[in-house]
Amino acid sequence: RAKELGRDNFQFYTEELHARINERLAMETGLRRALEHDEFELHYQPRVDLSSGKVTAVEALIRWNHPELGQIEPLRFVPLAEELGLIHRIGEWVLHESCRQQAAWQKAGVADLPVSINISGIQFVQKDFIKLLSRVLRETPLDPSRLELEITESLSMQDPENSIRVLRELKALGVRVAIDDFGTGYSNLHFMKQFPVDIIKLDRSFVQDIVRNPEDLAISNAVISMAHSLHLKVTAEGVESVAQLALLADHGCDEMQGYYFSPPLPMEQCTALLRESRTLPMEKLGRRQVNR
Ligand code: C2E
Ligand code: MG
Ligand code: MG
Ligand code: MG
């Protein structure tokens, strides 16, 4: 009986394993062709200023419309693309596409806001990254201040000396820089104070339970104070409720991004949101805003 069970388990295990290997293979061959077949798409999530309620920027988030598997989220294919060395071309596509979109919104009079894009660690340490950036900015053409790059905290701290060097070149180019997922890496404050960046994005994991968990509130507070003393703005990620929003606003957070205001949207829907100049429903925040 035990032997049989063992065999069944083994069989189940190998089937499962085969299924996984096949899916990975399908993803791999698919990824190699996705660019030529135009299967990638950018969704855009607005970021909102907490004192004016206005949209201040939009973040471009990649989606893969797989012909058989449907829409695939970045966390399921970006790591594979990095492993396969395909992230260079995908990253270049994201850069082109988001710059083109920003210019299109500006030209159509929809909005003239910075678009922020997520940069993979592999792109960030690439020798010609700055050259590529300046070429795309020139070709679009796009005012560099309308482009913001998001670098995760853990990436920026991997080789902080090199990060400082690259960040200085980015600053010289005139693009903006945000430190993404802040609080999940291991920031070295000695380096942090030397990073020429504009914005810190407080990771969603602290925002999620901020209403019930005093530790999360304490950490969020510490991040906000530190950022402000370095003259940086703070954007809270993943704000889903008015209670989270009110608490963050009370503690001096500058901006927020999250489902409470809007999920990431396909281009047409984001265009509509920007056109109607939607703002945060400030009345729900009550008197809190008045005192800031
Ligand atoms: P991220 O840059 O931290 O992006 C924020 C993620 O949180 C997005 O997931 C967004 O959809 C999600 N989010 C926003 N608001 C809320 C909320 O209120 N609640 C919840 N539960 N989630 C919210 P997404 O689009 O799946 O992207 C995941 C990660 O994939 C991104 O994290 C980023 O690190 C990476 N990524 C996305 N696009 C690109 C890209 O073009 N290139 C590279 N290299 N990485 C990308
Ligand atoms: Mg991001
Ligand atoms: Mg983030
Ligand atoms: Mg994140």
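The values are calculated or read from the model by the stated rules, or taken from the named source; none is laboratory data. Only a predicted model underlies this, so the values are computations on that prediction, with no experimental measurement involved. We place every Cβ from the backbone using ideal geometry, glycine too, and count neighbours over all the protein chains shown. Ligands, DNA and RNA are excluded from the accessible area calculation, which covers all protein heavy atoms including side chains. Shrake-Rupley method; radii C 1.70, N 1.55, O 1.52, S 1.80 Å.
Some notes on this structure:
- Among the GluC sites (Glu not before Pro) in the range 193-292, those placed in a DSSP loop whose Cβ has at most 10 other Cβ atoms within 10 Å are Glu276.
- With the whole protein complex present, Ile199 retains an accessible surface near 0 Å², based on a 1.4 Å probe.
- Heavy-atom accessible area with a 1.4 Å probe sorts Phe77, Phe12, largest first, into Phe12, Phe77.
- The chain: angle of helix 214-229 to the longest principal axis, Cα-based, in degrees nearest 10: 60 degrees
- Members of Lys127/Lys233; Lys54/Lys193; Lys171/Lys201 lying beyond 23 Å, as alpha-carbon distances in this model show: Lys127/Lys233; Lys54/Lys193
- With 10 Å bins from 0: P(r) over the range 1-85, alpha-carbon pairs, percent: 14, 31, 21, 18, 11, 4, 1
- With contributions of -39500 (n - 2.57) from each DSSP H run of at least four residues, the per-residue ellipticity at 222 nm computed over the chain stands at -15000 deg cm²/dmol.
- Sparse-neighbour loop sites [trypsin sites (Lys or Arg not before Pro); the range 91-166; at most 11 other C-beta within 10 Å; DSSP]: Lys127
- Unit charges at the beta carbon, dipole of the range 160-257: most positive-side option, Ser205, Val223, Met192: Met192
- Per residue, the solvent-accessible area of the chain (1.4 Å probe, heavy atoms of protein chains only, all protein chains present) comes to 52 Å².
- In plain terms, if you count all Cα to Cα distances in the chain and split them into 5 Å steps from zero, the share in each step is 1, 5, 11, 14, 16, 16, 14, 10, 6, 3, 2, 2, 1, 0, 0 percent.
- Among the chymotrypsin sites (Phe, Trp or Tyr not before Pro) within the range 176-255, those in coil by DSSP and having at most 10 neighbouring Cβ atoms inside 10 Å are Tyr186.
- Rolling a 1.4 Å probe over the protein heavy atoms leaves Ser187 with an accessible area of roughly 40 Å².
- Taken one residue at a time, the phi angles of the range 193-200 give Karplus couplings (6.51, -1.76, 1.60, θ = phi - 60°) of 5, 9, 6, x, 10, 10, 9, 10 Hz. Gly and Pro are set to x.
- Partner aspartates and glutamates whose Cα lies under 18 Å from the Cα of Lys284, excluding those fewer than 8 positions away in the same chain, are identified as Asp49, Glu240, Asp250, Asp254, Glu255.
- For the chain, a Gaussian network of Cα nodes joined below 10 Å ranks Thr184, Thr279, Thr14 by mean-square fluctuation, and the top entry is Thr14.
- The average projected area of the range 30-151, computed from the convex hull of its Cα atoms over all directions, is 8.4 nm².
- Note on the range 173-292: percent of Cα-Cα distances in each 10 Å bin, starting at 0 and stopping at the bin with the largest distance, equals 12, 40, 34, 13, 0.
- P(r) weight above 19 Å for the range 42-106, C-alpha pairs, percent: 45 percent
- Inter-centroid distance (Cα atoms) of the range 143-221 relative to the range 10-69, Å: 24 Å
- Accessible-area composition of the chain, carbon plus sulfur, in percent [1.4 Å probe]: 52 percent
- Net charge of the neighbourhood of Val94, taken over other residues with C-beta under 12 Å away and scored Lys/Arg +1, Asp/Glu -1, is -2.
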